[in-house]
Structures are given as structure tokens and as C-alpha cells.
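Notes follow the structure.
Every read-out reported here was derived from the displayed coordinates using simple, explicitly stated rules and does not represent laboratory data. Computed from a prediction, not measured in an experiment: that's the story for all the values here. As a convention, Cβ positions derive from the backbone with ideal geometry for all residues, glycine included, and neighbour counts pool all protein chains shown.
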Amino acid sequence: MSAAALDLTDERRAFVDALRTFAVREAGTEERLRELTNDHRESHNQELYEQLADLGYLGVGIPEEHGGGGGTIVDTCILTEEVCYAKLPVTGIYTSLTVAEAVRRHAEGELRHELLESVGRGEVHALGFSEPEAGSDLASLRCRARRVEGGYVVDGQKTWTSNAHFAKHVLLMVRTGGPESRHDGITMLSVPMDSEGIEVRPI
């Protein structure tokens, strides 16, 4: 069902119109799409993504106290649907908004504020869940995190980590409990992608 088919408020209809106007203006022709994607070889254009951020669109569903628009999941869905419909080359939006929702629900204090604000200003976050030996079965995670003074040391591998090659952060699912702990021994860590020891390889 398209955004136009929903029973939208006037404010949300105006948001849809603004997104469509932006898409036509910034990426409305095949020539322009080729330019933005290096002749369709790249799926994400950071400059275009930051334009969405500057207009406040990326933060539409982020609480106001964290620099967002204070909307709901409906507003976020409208945003992603219109981005898909227009085929805007900003694939970082999908993982980043997924991370934002996880952070909104589970993070606290300064970390919550810092991460949500970074999503709203256009920094890309990747999802580090799947592993070579576990796939998407989180109960079988082998990537471990060991608590040390000032943080954690992470040891392991992830695979199929969409957007990792241009993300600023990755939300890792890691095992902090024993091997038998399964779902109960999992912790989420937000890790800067420029951290020492991180290596990104294409597959």
C-alpha cells in the first residue's frame, strides 16, 4: 500500500509531497541517477544522503530531544517507502534507520543521544549480525566480546554486513555469555568502523 493510499494527516501528506519534490529535483532523470551512482556501480551517494539529513528527513522518527522530528514509525515508513519508490541511491538509510530503532528502544543516556543524533545528521550505520558459521541464527553467534577497562575487546567475524564498506558505525551482536547461553548471552555494541582491527572485505 502506498503512502498516498493511507489515511494520512495533512502534515504527512505534505511530507510525502516534499519527499517526491526532492526526488524529482535531485535524482529525477536517468542521466542524473547515473551521475549519482557512478554509472549504476554504486548504491549509496553520501552527498545526496546528507541532503536528506540537512532537510531533517532522516530524523523524522527520532525523538526531538535527540535532534529529530519526534515522529513515529509511520513517518519513518513513509520516508523509506518514498526513497524506494524514487529509487534514490541512498541504501545506507535502511540499515541506519533499523539501528536507530534498536538504539531508541534499548540504549540509554549519552550513548543513546550520540547515536540517534548521528543517524539524523547522515552518518551511516551497518548491522553486524550474521556470521560465516551461524548465518542469521543469533543463538549460534561465535563473535565474542570481552570486557576490559574502558570498553570491550571483540574477537570474531561477521558476514553479509550490508553497507559496511561505507558505514561510520556498525551495530554488532556479540556473545558476552558462555557458549551455552544462546539468546541470553548476547550483547549489542555500537562500534566505530575506523576502530583498530576492523577489516572489511567484499564478498
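Every residue in the stretch 155-180 that is under 18 Å from His106 (Cβ atoms) and not basic (Lys, Arg), please. Spell out the reasoning first.
Quick first cut of the stretch 155-180, residues under 18 Å from His106 (Cβ atoms) only: 169-177.
Residues satisfying the conditions are His169, Val170, Leu171, Leu172, Met173, Val174, Thr176, Gly177.
Return yes or no: is Val191 crowded, with 18+ Cβ neighbours inside 10 Å, under 30 Å from Val60 (Cβ atoms), among the aliphatic types (A, V, I, L, M) and in contact with a helix residue (DSSP H, G or I) (Cβ under 8 Å, 6 or more places away or on another chain)? Talk me through it step by step, then tell me what you get.
Working: crowded, with 18+ Cβ neighbours inside 10 Å: yes; under 30 Å from Val60 (Cβ atoms): yes; among the aliphatic types (A, V, I, L, M): yes; in contact with a helix residue (DSSP H, G or I) (Cβ under 8 Å, 6 or more places away or on another chain): no.
In short, no.
Tell me, yes or no, whether the stretch 171-180 has at least one residue that is more than 20 Å from Glu42 (Cα to Cα), of a type in the set (Gly, Ala, Ser) and either surrounded by 18 or more Cβ atoms within 10 Å (Cβ to Cβ) or more than 15 Å from the chain's Cα centre (by Cα) (or both).
Filtering the stretch 171-180 down to residues more than 20 Å from Glu42 (Cα to Cα) leaves 171-180.
Filter once more, so that each one left must be of a type in the set (Gly, Ala, Ser): 177-178.
Filter once more, so that each one left must be either surrounded by 18 or more Cβ atoms within 10 Å (Cβ to Cβ) or more than 15 Å from the chain's Cα centre (by Cα) (or both): 177-178.
The answer is yes; a qualifying residue exists.
Out of the stretch 160-184, which residues are closer than 19 Å to Ser136 by Cβ and acidic (Asp, Glu)?
Asp184, the sole residue that qualifies.
List the residue pairs whose Cβ atoms are under 8 Å apart, where the first residue sits in the stretch 16-33 and is assigned to a helix (DSSP H, G or I), the second is acidic (Asp, Glu) and surrounded by 12 or more Cβ atoms within 10 Å (Cβ to Cβ), and the two are 6 or more positions apart or on different chains.
From residues that are assigned to a helix (DSSP H, G or I), the pairs are Val16/Glu82; Leu19/Glu82; Arg20/Glu82; Ala23/Glu82; Arg32/Glu26.
Of all residues in the stretch 163-183, count the ones that are among the charged types (D, E, K, R) and touching a Gly at 6+ places or on another chain (Cβ under 6 Å).
Step one: of the stretch 163-183, the residues among the charged types (D, E, K, R) are 168, 175, 180, 182.
Now restrict to residues that are touching a Gly at 6+ places or on another chain (Cβ under 6 Å): 175.
Number satisfying all stated conditions: 1.
Check Tyr94 against each of (1) of a type in the set (Ser, Thr, Tyr); (2) under 15 Å from the mean Cα position of the chain (by Cα); (3) more than 30 Å from Gly56 (Cβ to Cβ) and name the one condition it does not meet.
(3)
Kindly indicate whether Cys77 is under 24 Å from Ser162 (Cβ atoms), out of contact with any helix residue (DSSP H, G or I) (no Cβ under 6 Å at 6 or more places or on another chain) and surrounded by fewer than 14 Cβ atoms within 10 Å (Cβ to Cβ).
Values: under 24 Å from Ser162 (Cβ atoms): yes; out of contact with any helix residue (DSSP H, G or I) (no Cβ under 6 Å at 6 or more places or on another chain): yes; surrounded by fewer than 14 Cβ atoms within 10 Å (Cβ to Cβ): no.
Spelling it out, it is not the case that Cys77 is under 24 Å from Ser162 (Cβ atoms), out of contact with any helix residue (DSSP H, G or I) (no Cβ under 6 Å at 6 or more places or on another chain) and surrounded by fewer than 14 Cβ atoms within 10 Å (Cβ to Cβ).
Given the options Tyr57, Tyr94, name the one that is of a type in the set (Ser, Thr, Tyr), under 30 Å from Met173 (Cβ atoms) and assigned to a helix (DSSP H, G or I). Talk me through it step by step, then tell me what you get.
Numbers: Tyr57 fails: assigned to a helix (DSSP H, G or I).
When all the criteria are applied, what remains is Tyr94.
If we scan the stretch 137-159, do we find a residue that is loosely packed, with under 15 Cβ neighbours inside 10 Å, under 24 Å from Ala53 (Cβ atoms) and small (Gly, Ala, Ser)?
Scanning the stretch 137-159, I find no residue that is loosely packed, with under 15 Cβ neighbours inside 10 Å, under 24 Å from Ala53 (Cβ atoms) and small (Gly, Ala, Ser), so the answer is no.
Which one of Val83, Val99, Val90, Val60 is touching an Asp or Glu at 6+ places or on another chain (Cβ under 7 Å), β-branched (Val, Ile, Thr) and buried (at least 17 other Cβ atoms within 10 Å of the Cβ)?
Values: Val83 fails: touching an Asp or Glu at 6+ places or on another chain (Cβ under 7 Å); Val99 fails: touching an Asp or Glu at 6+ places or on another chain (Cβ under 7 Å); Val90 fails: touching an Asp or Glu at 6+ places or on another chain (Cβ under 7 Å).
The match here is Val60.
Can you spot a residue in the stretch 105-128 that is of a type in the set (Val, Ile, Thr) and buried (at least 16 other Cβ atoms within 10 Å of the Cβ)?
Within the stretch 105-128 (the criterion being of a type in the set (Val, Ile, Thr) and buried (at least 16 other Cβ atoms within 10 Å of the Cβ)), the answer is yes, since at least one residue qualifies.
One line per residue, one yes/no per condition, for (1) part of a loop (DSSP other than H, G, I, E, B); (2) closer than 18 Å to Val103 by Cα; (3) of a type in the set (S, T, N, Q):
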{"position": "Ala139", "(1), (2), (3)": "no, no, no"}
{"position": "Trp160", "(1), (2), (3)": "yes, no, no"}
{"position": "Met173", "(1), (2), (3)": "no, yes, no"}
{"position": "Arg182", "(1), (2), (3)": "no, no, no"}
{"position": "Val191", "(1), (2), (3)": "no, yes, no"}
{"position": "Asp194", "(1), (2), (3)": "yes, no, no"}
{"position": "Val200", "(1), (2), (3)": "yes, no, no"}
{"position": "Ile203", "(1), (2), (3)": "yes, no, no"}
